[in-house]
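Heads up, the thing below is written out as structure tokens.
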Amino acid sequence: MSVVTSLGDVLPAEALSGAEGGALARVARGAEAVVRPRSPEEVVDAVRWASANGVGVLPVGTGGRTTPARGDGPFMVLAMDRLSGLEIYEPADVTLTAKAGTPLADIEATLAEHRQWLPFDPPQVSSRTLGGLVATGESGPVATAYGELRNHVLGATVVCGDGRVLRLGGRVVKNVAGFDLLRPLVGSRGRLGVVTSVCLRAFPVPAKDRVLLLRSDDFAGLEAAARAVRTAPTLPASVVLWVRPTSQGAALLVRLHGAELTVDADQATLERRAGVSFARADSELVAEVRDDATDAPVVVTLSVLPSRLFEALGAARDLLGHSSVVADAYSGTARIALAEVDTDTVRALRDTIEEMGGALAVEAPDEGPEVRAAGSRPSDAETGVSTRLQEVFDPSGVFWPCRA
Amino acid sequence: MNTPLETRIVRALNAIVGPDHVVTDPERLVVYESDGLTSYRVIPLAVVLPATTEEVAAVVKLLHGEGIPVVPRGAGTGLSGGALPSADGVVVGTARMNRILEIDSDNRIARLQPGVVNAHLTVAAKPYSLYYAPDPSSQSTCTLGGNVAENSGGPHCLKYGVTQRYVTGLTVVLPSGEVIRLGGAGRSARGALDLVGLFVGSEGCFGIATEIEVKLLPVTEGVRTLLGIFETMEAAGHAVTAIISEGLLPAAVEIVDNATIRAVEASVYAGGFPVDAGAALVIEFDGTEAGLDADADRAEACCRQAGASEVKRATEATQRAALWNGRKKAFGAMGRIAPDLLVQDATVPRTRLPEVLARITEIGERYELKVANVFHAGDGNLHPNILFDRNDPDELDRVERASKEIMCLCVEVGGTITGEHGVGVDKRGYMQLVLGEVEIEAMRAVKRIFDPSGLFNPGKVLPDPASPPVPAEASA
């Protein structure tokens, strides 16, 4: 525990605590310490200390979406949950700035008072922190209508691996002052630095959020309906395919946002094009589907062009068997929940998906690193640029626990 | 006067692209001396016009090996001097790379060369009932390669976002001549850092995009265009805030002041704006036909509550087209009023618009300058345009001082120095207003990743006191 003792020299004792339960305990396994800074200054102190003492840093929001430390060596978990609270929110600007550890549930509640929301719906969105959301870069299927998270992060403050503090972007919706270092930060999963504050664009809550449901065991029929919807002249908020394991069938969920007249007309257009009648569903089903296929020992994520999605899912079913699948039919991404998987099967599926022009990733915390390594890789050229970018943000490599 | 390009280098360039596509004749080089920001002018050693990725790579590699600076150029419509040549450098233009390679209507993506004109992409996508959303005012001439370099916006970015949102993949010729591919639709699961997002908006400093993959959107079923007439800019500004606070999401909200209205209505671009109005708002809703009238009604009510004397609707396509033509050609129309026009560009938080507009008016009056405002009000993206005569040195000095005050004002209220036109050479001196040395140094380090020798579009974006750019006026 010498690390914790010497950390006590740079941080107040109350900033230190043991890992408490759940997701945080999972990612803290093997860590020398869990540090919970209360201010950006304490984040800087902790990162500087780690850098000087050869200790890696694994930044964590709630820990729910964090990949455990990769590689060997002493590391600390930097839990951001105490760095919480709104900084600037001017409802008429429809933008807000908050500290990175702010629970999204709190932000959603504040926005809702002004009939605004954040149009991002990745799994368990409400239990994430703002910084965690930005670190994963996950937008969820409503990106169909609203654009991706990366397009709505207007600014961020980031602590680099050597303790430098970069204030990137700003709090206006259009900003091209200098190179856009924010974009690679969104979705970088801690590889570049720790975000301490984020400014996001929000949106007005649509008058109606209608959920259309088409349940079916006929995969070909669902594919035809999904195609009819995603190529329709009207842009839905999201088009999600939900496949249940074994005999529970599958469903297409389509969300329509807008005024009542608008969603009525859009529903009629989609039904006409798809030649089907949709049932209505409620927001509880939306949340259930949103969060399904995440809490499993193995989650395979694949991406292809939307026109190849059903073909890719067919190949996955042939290799992996029946499992829970949640797919964004507009963007062509899907996640598949599995109890277990072997490396050869992952490689075979990866090769098939890559032949379709797509890519595949595996999250399997309890499996060996070779399973994860069997996923698709960025090209050598992209890896080269990314490595250099990491060196700019983190010259001493203190964020190694976040890297493959 | 710089030493001309050595004959052996000209020969080598000829061998790559053909002698017809290497410009060294001084009279023809004049065409390339500036972009849309004509206060900076430099004649390059040569202009090379390759037709393929391979030709761009070979040209760039050759010049890199010779230690000759390279300046990429699209259509030259940029307004920050991003395509200003280097006197000792070669301009690589994309004018011949104007092919749309593929429109994949099923997946709603297009692949194209960088010299494709923005509006031509939308024309080509029309048979599939698709279009390309970002619509800079120069869309009838500006190219996608330039849009990628500048992360261009446009009036409809309020609802649809800027260029970055639509670019999914790029083929890039790096400053060394190496060709790399970044991103690509359907490949998100690789877990790569967003290098496409990093490249978009890099103002030609990281390389030349030679193939671009973009998302297309379905053509919307209906559109409603409103024209709100106000006595003052301030009232129009309040109407904008009211519309946004009402929870409406218009496709565009543009504001035009009296000086601009008079210029436009006196020109061939007359759009039907009443010349005695203090300000006009052009508000547009698009989407499913049903429901648009309700949105338009609510926006009209917001305008009236903010004091609009009149709210008209463009009931026919020709009226809408005339309004938009007047809006988009406003910069051109101002050419009638004064010999020179400085098109400014800055963004402020939307709620600060009324206050900022009042203070810009005050700054204009104090420096005895004509300032005409026409801009993207919904985004808070201002374009205060200063009309002047560059042959009047006193007026030129006042223009520069007023410009700087306007920039400082926008930053002071929480805004930034450029929303969509880029930094180029024009705003390098303002970068420290919004960025600290630590951020600027990080940007320098990122530039070195792509361009370690610093010969690619040198002297742009990042402040470099060692070699300040020279405005044409200063050398005249």
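Numbers for the structure displayed
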quantity	calculated
Å² of accessible area per residue within the protein assembly as shown, as computed with a 1.4 Å probe and no ligands counted	36
Degrees between helix B:233-245 axis and first principal axis of chain B (Cα, 0 to 90, nearest 10)	90
Region B:222-412, accessible surface, carbon-and-sulfur percent (1.4 angstrom probe)	48
³J(HN,Hα), Karplus 6.51/-1.76/1.60, whole Hz, each residue of region B:387-395, x for Gly, Pro	9, 7, 10, 5, 7, 9, x, 5, 5
Interchain or long-range residues, amide H under 5 Å from A:Ser376's placed H	A:Leu360, A:Ala361
Per-residue mean of C-beta atoms belonging to partner chains within 10 Å, peptide A:49-58	0
Coordinate range along principal axes, alpha carbons of region A:28-90, Å, largest first	45, 27, 14
Averaged over B:344-352, number of beta-carbon atoms from partner chains that fall within 10 Å	5
Placed amide H near B:Glu310: partners under 5 Å, 5+ positions off or other chain	B:Ile229
Cα-based shape type of region B:298-341, given that a ≥ b ≥ c are square roots of the gyration tensor eigenvalues and the cut on a/c is 1.5	oblate
Solution diffusion estimate, µm²/s, Stokes-Einstein, region B:160-200, Kirkwood Rh from C-alpha pairs, 20 °C, viscosity 1.002 mPa s	193
Average other protein chain Cβ within 10 Å of Cβ, residues A:84-96	3
Stokes-Einstein D (µm²/s) once Rh is taken as the Kirkwood radius of region B:7-93 over alpha-carbon pairs, at 4 °C in 1.567 mPa s	101
Cα extents of chain A along the three principal axes, largest first (Å)	68, 54, 40
Kirkwood Rh in Å, taken over all unlike Cα pairs in chain B	23.1
Cα centroid separation - region B:57-102 against region A:322-380, whole Å	40
Cα extents of region A:100-192 along the three principal axes, largest first (Å)	37, 26, 24
Summed side-chain charge close to B:Val268 - residues other than B:Val268 whose Cβ falls under 12 Å, Lys, Arg +1, Asp, Glu -1	+1
Rg over Rh [alpha-carbon atoms, Kirkwood Rh] for region A:184-338	1.00
20 Å-binned pair-distance histogram of the protein assembly as shown (Cα, whole percent)	15, 47, 33, 5, 0
Rounded FRET efficiency, nearest 0.05, which uses the C-beta distance separating A:Glu90 from B:Glu289 and R0 of 41 Å	0.75
The protein assembly as shown - charge dipole about Cα centre, Lys and Arg +1 at Cβ, Asp and Glu -1, debye rounded to 20	700
Nonlocal amide H pairs with A:Gln116, under 5 Å, H built at 1.01 Å	A:Val205
3J(HN,Hα) from dihedral phi, region A:354-371, Karplus parametrisation 6.51/-1.76/1.60, rounded to Hz, x for glycine, proline	5, 5, 7, x, x, 8, 9, 10, 10, 10, 8, x, 8, 8, x, x, 5, 5
Karplus-derived 3J(HN,Hα), 6.51/-1.76/1.60, for each residue of region B:452-458, Hz, glycine and proline x	x, 8, x, 9, 9, 6, x
Among the listed pairs A:Lys174/B:Lys460; A:Lys99/A:Lys174; B:Lys126/B:Lys215; B:Lys215/B:Lys312; B:Lys159/B:Lys427, those beyond 25 Å (Cα-Cα)	B:Lys215/B:Lys312; B:Lys159/B:Lys427
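The values are calculated or read from the model by the stated rules, or taken from the named source; none is laboratory data. Keep in mind it's a predicted model, so treat the numbers as computed, not measured. Using ideal geometry, Cβ is built from the backbone for each residue, glycine included, and neighbour counts are taken over all protein chains shown. These accessible areas exclude ligands, DNA and RNA; they are computed on the full protein's heavy atoms, side chains included. Shrake-Rupley method; radii C 1.70, N 1.55, O 1.52, S 1.80 Å.
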